[in-house]
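Let me begin by presenting the structure, written as structure tokens, before commenting on it.
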Amino acid sequence: MVFNSYSFVLFFVLLLTLHNLPFSWKTKKINLLIASYLFYALWNPPFILLLWLSTIVDFYMAKLISVTEEKNRRKLWLAVSLVLNLGMLSYFKYGGFLLENFTILMNSLGVAFQAAKPDIILPVGISFYTFVTLSYTIDVYRRKFEPESSILDFALFVTYFPHLVAGPIVRPEDLIPQFKQPRKASSEQMIWGLFLLTLGLFLKVVIADGWLAEASDLIFSLPFPVNPLDAWSAVLAFSGQIFCDFSGYSTCAIGVSLCLGFKLPENFQYPYASIGFSDFWRRWHITLSTWLRDYLYIPLGGNRVGRFQTYINLMITMLLGGLWHGASWNFVIWGGLHGIFLCVEKIVKVWSQKRRKPAMAEELVLQATIIPIRSKNASNFLLALLTFFLVNITWVFFRAPNFDSAILILLCMFGVITQGPKMLSTPDMFKIGIVTMGLIFSHWNMRNRSVKGLFQSLPWWFSGTIWAFMLILIILTQKSTGSFIYFQF
Amino acid sequence: MGQCQKKVYDTSPAGPVLVGTSRTKFDIDLETWESITGKAPVQLGIVGTNPRPILSDLANDPDFKGTVLVDVMEMLFFMPDGSFAESSAKKRLDYYPRWSLSQQAGFHIGRKLEDHLLFLDEERFSLNSMLKRLPIKSRPGVFVFPNFPMDLEYASPNGQLAFTNRFLQDTSAQHEIQGVWTKLGLLSTKQGTGGDTLTNIINSVARSVNQIKARGGRVIFVRFPSSDPVWAAEQKAYPRKLYWDRLLKETGVTGIHFADYPELSRYQCPEWSHLAPADARTFTKDLTRIIEAKTNWPLQNVLSQNNF
């Protein structure tokens, strides 16, 4: 079920009503759990079995890990959980990819091998809930906390519908404690939750689907080169689309959850105002980047194992992070490029720190002059623009259907191929331009602020007008739109 | 679509499944057809698309043993695989098998709401459509899909399209749409698909027809009316001998061409390509009679059973 559907409106109204009736807290949690299973089952009912399997196995493995003192046994129980979760993920998500590459490898070695194409359907949200349950068993193994005693609370933590299919990737400490006490949204939470739901739908329906998807889908689907301006427009369109689609989903999820009285973690923090790639990953898909940091990068040694090994660790983390998005070499390249940019950024940082010391005297002279040589803010803005530019280069691999298409688009973008036809109309390009400028401007201005803080500072009539404006535009744009992009991951 | 999928299994000459373009949707009046035969056709025509993917889908469905009436609007029908018209039809076909329970639920809720609430005409009043109507000149060399007049047609839940009275009375709106046809190439006299591509197209249609017939199903081709410059251009771009006649010959399917029957060719299409609602009613009446006479299919038998 998607947030931008009639089914969800009906579902949400019924659930909110049930949640606000005078039932016991346990009954309300059971309602939420059943509703979450229903929310998921409406995509493909049999896949609910995978959710149950993951929930039951991880619940009991965590219990066994907790009560076992023997090291090897603890490792064994953890391995059961890891094998089950990663095994399911590998089979459903990477089965076809592995087989395809194995076939290519065999053929390149001269072995005639032709495997039947597996007909595997990817269960919606498997990458997300696998990470949710994995973090739980790993943290219990690390003795970060005691295992959850209530299977109801644990099942609800895994299955809670707002985060289930596309995040935010919650940690046990984010959600389980909230299930312990009866919760109901206060009127302020309800209003803010509904506002966030509207904002998320606005980003998804109006901006991502309504204004940007068509242009990016058209150009990225063409088998021939296009005019450089069209290639750039398509990439900028996708850049805006992926942000508005995914952050739109997260905003809806946070808003919906708040209406029920539960807080979910933030997932985006104005990423297109990032100054550098470390900053970008602190602002883009925050719950994934922190997950990868805590359960992959740091266990690999992080930055405590020497400079060269740090770069290796960064590359491994980003390559696997790329692969997490989908079973395709393009995602690996996307992750690899982010890894390279992160490494380069670290090298430049180390180099500039070394260089700064001898230049200190020179800097003092500069600071003493009455004419400002450069504004810190302006140079940061230029760095943010450079980061945005590089992020856009990486999006080409993320969006293109295959490697050849990605290279074709890049060749068009950088003027190596200039003879391609013009494809996008002027109004389409206006829309892309407006959204791109709007995103850069709003992200830059909101870098260190929150939407809530901003709206609290505005007079009520102004916030109300913005809210109404978004609702009107949603109504004027709503159509039978596709799913959120991140559902396929 | 899901409901239609179930209904197509129950089709017969009296209530066939209609596959085609906007001409099927404008020119066959479903109520008139039902009043004559006692059974409503299942409308699967899709505006601006090639009917072959739908025909092939029916042919590949082992449960389909019904009757198909195929609209042969040459410009769209003979479009090669991979063309916009062909892939647009395919896109719709691909959608149905991946229709989740949630989408089905949304569809049914939507249908209920549509009966009681006012809904927005997406083609004309959605934000994007309104923006597209702004007088902004596009970059030279870029094809921009032309805008249709604001008050052109209305659609019924059964898939029937009909021109509005306002459109029928407004000659400037009719000129506007005639301009749209010009931009979309309906007035082009350039010869359509030929060579191996045409042979492959006809072969694929023949294959689909044979599959349907082998299961006891039936197929009929209909060439709906067009008039004035559109009809003149169509005759030049798609000479009857090279397309229509060859199609009938190589597929072995009965065809009804409007130009062969005075009662079907007496109409003046308001915008040269589709019939006005009143004309669609008489056209449908004559068409059912001609189909029965030409094929001996039991349409009128049903009529007799209904009448007596």
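Numbers at a glance
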| quantity | calculated |
| --- | --- |
| Helices (runs of 4 or more DSSP H) lying entirely in segment A:24-94 (those with 1 or more residues that are open to solvent by less than 40 Å² (accessible area, probe 1.4 Å) and among the β-branched types (Val, Ile, Thr)) | A:48-67 |
| All positions within segment A:276-321 that are under 17 Å from the mean Cα position of the chain (by Cα), surrounded by fewer than 18 Cβ atoms within 10 Å (Cβ to Cβ) and not in a helix (DSSP H, G or I) | none |
| Considering residues of segment A:394-425 that are crowded, with 16+ Cβ neighbours inside 10 Å and among the β-branched types (Val, Ile, Thr) only, the residue farthest from the chain's Cα centre (by Cα) | A:ILE417 |
| Which listed residue is crowded, with 21+ Cβ neighbours inside 10 Å and over 18 Å from A:LEU288 (Cα atoms), from A:LEU156, A:LEU105 | A:LEU156 |
| Failed criterion for B:VAL180 (all others in (1) more than 8 Å from chain A (Cβ to nearest Cβ); (2) more than 21 Å from B:ASP228 (Cα to Cα); (3) in contact (Cβ under 8 Å) with a residue 12 or more places away in the chain hold) | (2) |
| Residue tally, condition within 24 Å of the chain's Cα centre (by Cα) and surrounded by 12 or more Cβ atoms within 10 Å (Cβ to Cβ), over segment B:95-109 | 4 |
| Residue among A:GLN114, A:GLN181 that alone is closer than 30 Å to A:VAL332 by Cα and open to solvent by 80 Å² or more (accessible area, probe 1.4 Å) | A:GLN114 |
| Tally, over segment B:77-87, of residues that are surrounded by fewer than 19 Cβ atoms within 10 Å (Cβ to Cβ) and either closer than 11 Å to B:PRO51 by Cβ or in contact with a Pro (Cβ under 7 Å, 6 or more places away or on another chain) (or both) | 0 |
| Residue that is surrounded by the most Cβ atoms within 10 Å (Cβ to Cβ) [pool: residues in segment B:205-222 that are in a helix (DSSP H, G or I) and among the β-branched types (Val, Ile, Thr)] | B:VAL205 |
| Among (1) of a type in the set (A, V, I, L, M, F, W, C); (2) under 29 Å from B:PRO239 (Cβ atoms); (3) in a helix (DSSP H, G or I) - the single one B:TRP33 does not satisfy | (2) |
| Residues of segment A:448-480 satisfying the condition of being modelled with pLDDT of 90 or more, surrounded by 14 or more Cβ atoms within 10 Å (Cβ to Cβ) and not aliphatic (A, V, I, L, M) | A:SER463, A:TRP467 |
| Only listed residue being outside any helix (DSSP H, G or I) and under 20 Å from A:GLY240 (Cα atoms), chosen from A:LEU424, A:LEU410 | A:LEU424 |
| Selection within segment B:176-204 - open to solvent by less than 50 Å² (accessible area, probe 1.4 Å), aliphatic (A, V, I, L, M) and modelled with pLDDT under 90 | B:ILE177, B:VAL180, B:LEU184, B:LEU186 |
| All helices (runs of 4 or more DSSP H) inside segment B:85-171 with 3 or more residues being among the hydrophobic types (A, V, I, L, M, F, W, C) and either within 9 Å of chain A (Cβ to nearest Cβ) or at negative phi (or both) | B:101-116, B:127-132 |
| Lone unmet requirement of (1) among the hydroxyl-bearing types (Ser, Thr, Tyr); (2) open to solvent by less than 50 Å² (accessible area, probe 1.4 Å); (3) at pLDDT 90 or above for A:TYR486 | (3) |
| Number of positions in segment A:10-49 that are under 19 Å from A:VAL165 (Cβ atoms) and more than 8 Å from chain B (Cβ to nearest Cβ) | 16 |
| Test for B:LEU55: is it of a type outside the set (S, T, N, Q), in contact with a strand residue (DSSP E or B) (Cβ under 7 Å, 6 or more places away or on another chain), away from every other protein chain (no Cβ under 14 Å) and not in a loop (DSSP other than H, G, I, E, B) | yes |
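The values are calculated or read from the model by the stated rules, or taken from the named source; none is laboratory data. On a predicted model such as this, the values are computed, not experimentally measured, just so you know. Ideal geometry is used to build each Cβ from the backbone, glycine not excepted, and the neighbour counts take in all protein chains shown. These area figures cover heavy atoms from the full protein model, side chains too; ligands, DNA and RNA do not enter into them. Shrake-Rupley method; radii C 1.70, N 1.55, O 1.52, S 1.80 Å.
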